[in-house]
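See below for the structure under consideration.
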Amino acid sequence: MSSSIQTTPQRSKEAVNKLIFRRVMPLLIGAYVLAFLDRTNIGMAKDRLAIDLGISAAAYGIGAGLFFLTYALSEIPSNLIMHKVGARFWIMRIMVTWGVISAAMALVNGEWSFYILRMLLGIAEAGLFPGVMYFLTQWFVVKDRAKANGLFLLGVSLANIVGAPLGGLLLMLDGVGGLHGWQWMFIVEGVPSCLLAIAVWKFLPNRPTEATFLTRDEAEDLEARIAAEERQGAAAAGNSKLRHVLKDKQILLVVGIYFTHQIAVYALSFFLPSIIGSYGKLSPFQIGLLTSVPWIFSAVGALVLPRLATNGSRSRAIATATMIGIVAGFVLGAVGGPVLGMIGFCLAAFNFFALQPILFTYPATRLTGAALAGGLAFVNTIGLFGGFLGPYVMGITEDLSGSKLSGLWFIVALCAIGAVLTRFLKRGTEDSSASAPASH
């Protein structure tokens, strides 16, 4: 990629910010659409895997969750590597490897091959989400980050809106070319990741001073303002090294809230198609269409609420309200039947990605440099154990009780705890001493 800088007249800060949104965010959103599609498309295949390969609900839950185990263990190393080699190369590498492995899911022939490929997929994709969260801190000042994070998380909603009906259609190719429908689904949905990786390599600059669409003055001014904010927040919180993350109570608080949030997100992602299938006699395509409905609401939430989180008090209030909304939605989903249950799932999904982008603004006001890259990965690493626990509990409780809804009460209880924890959130500039390590 050329590193030449234009010499056009300098634009206002607002104009520069809008330009960055237009030039950087579409690529990142596209990458996350494919990432989330490839990690959660097994939700559409769950019942067919049971019929064709004899994979039980408990085994399915374990396999769904194992992705997050290896993903989480690989997060911090991946993000530290990205800090050294740059986002452009590392995101491209992540996309190629996860695309190949996702397509290889078509080779699953039993529980153990299912487990192994899910674990490999987790290793391949590790670092994408925290890597992009770190990447965005290099492009946006604090007041714009929740909005940028929210737009990126649109990828999750779009993946489910498009992916569920698409998966339903592909499942109907059962028998074509001697393959099961779920095999076609994994192949067709894995290949585009490798293709988009080429566009990422060609068009995604690592930082503002490498962007051909900014003047040198614009790029240097933006980097200077971001660096000043990072120094101020890290100094106020007393965090300058990665080890300080473990001593910062606010970052540990974010980890706890994020853990409960991820349990809810992935329980719904992996089990909603099966829950909807229990409502009546529906075709795979009909199940896919209904599965996409809550994720339309999640896209609306991601667009509307994060942009309002422009300061610490607003961020805290929105975080609390969204966690309460998730709890209320899952309660309705557990007791409401097909109609009220779907309304509840829509309510929960509306709040999913209104909360998540706000949570990731907190570490970015308390850390800087490599500590920020590693700290964001640490938050995502521990939080993603919720992505393992949620599907695991849902699968086990379904096998034990015979009800696809029984595991929802476990999620309700943990998210209620998460809602209480949000009341104690503080950004780096709000708290100059409480979280600082003793040496500072």
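Here is how the numbers come out for the structure above:
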read-out	value
Shape of the stretch 1-133, Cα gyration tensor, a/c cut at 1.5	prolate
Cα gyration tensor, the stretch 120-184 - rounded (a/c under 1.5), prolate or oblate	oblate
Sites matching trypsin sites (Lys or Arg not before Pro) across the stretch 138-196 that sit in DSSP coil, with at most 14 neighbouring C-beta atoms within 10 Å	none
Apportionment of accessible area to carbon and sulfur, the stretch 49-162, percent (1.4 Å)	75 percent
Positive minus negative residues near Thr137 (Lys, Arg vs Asp, Glu; Cβ under 15 Å)	+4
P(r) of the stretch 58-106 over all Cα-Cα pairs, binned every 10 Å from zero, in whole percent	21, 45, 27, 6, 0
Mean residue ellipticity (222 nm) of the chain, computed from DSSP H runs ≥ 4 via -39,500 (n - 2.57), nearest 500	-26500 deg cm²/dmol
Value of relative contact order over the chain, rounded to a whole percent, pairs C-alpha under 8 Å and six or more apart	27 percent
Acute angle (nearest 10 degrees) that the helix 408-421 long axis makes with the longest principal axis of the chain, alpha-carbon atoms	10 degrees
Cα long-axis angle, helix 216-237 against the chain (0 to 90 degrees, to the nearest 10)	80 degrees
³J(HN,Hα) computed for each position of the stretch 55-70 - Karplus, 6.51 cos²θ - 1.76 cosθ + 1.60, integer Hz, glycine/proline x	7, 6, 4, 5, 5, 4, x, 5, x, 4, x, 4, 3, 6, 5, 6
Carbon plus sulfur fraction of accessible area for the stretch 307-420, probe 1.4 Å, in percent	76 percent
Eligible lysines near Lys147 by straight Cα distance, threshold 22 Å, same-chain separation 8 or greater	Lys13, Lys18, Lys426
Per-peptide average of other Cβ atoms within 10 Å, ordering 300-307, 48-55 highest first	300-307, 48-55
Folded to 0 to 90 degrees: helix 128-137 orientation relative to the chain principal axis, Cα	30 degrees
Counted charge near Pro77, where neighbours are those whose Cβ lies closer than 14 Å (Asp, Glu -1; Lys, Arg +1)	0
Charge context of Asn206, other residues only, Cβ under 12 angstrom, K/R +1, D/E -1	+1
Residue-normalised accessible area of the chain, given per residue in Å² at a 1.4 Å probe	36 Å²
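The values are calculated or read from the model by the stated rules, or taken from the named source; none is laboratory data. Since the structure is predicted, the reported quantities are computational estimates derived from the model, not experimental observations. Cβ coordinates were reconstructed from backbone atoms using ideal geometry, including for glycine residues, and neighbour counts include every protein chain displayed. Protein only, heavy atoms only, side chains kept; ligands, DNA and RNA dropped before computing areas. Shrake-Rupley method; radii C 1.70, N 1.55, O 1.52, S 1.80 Å.
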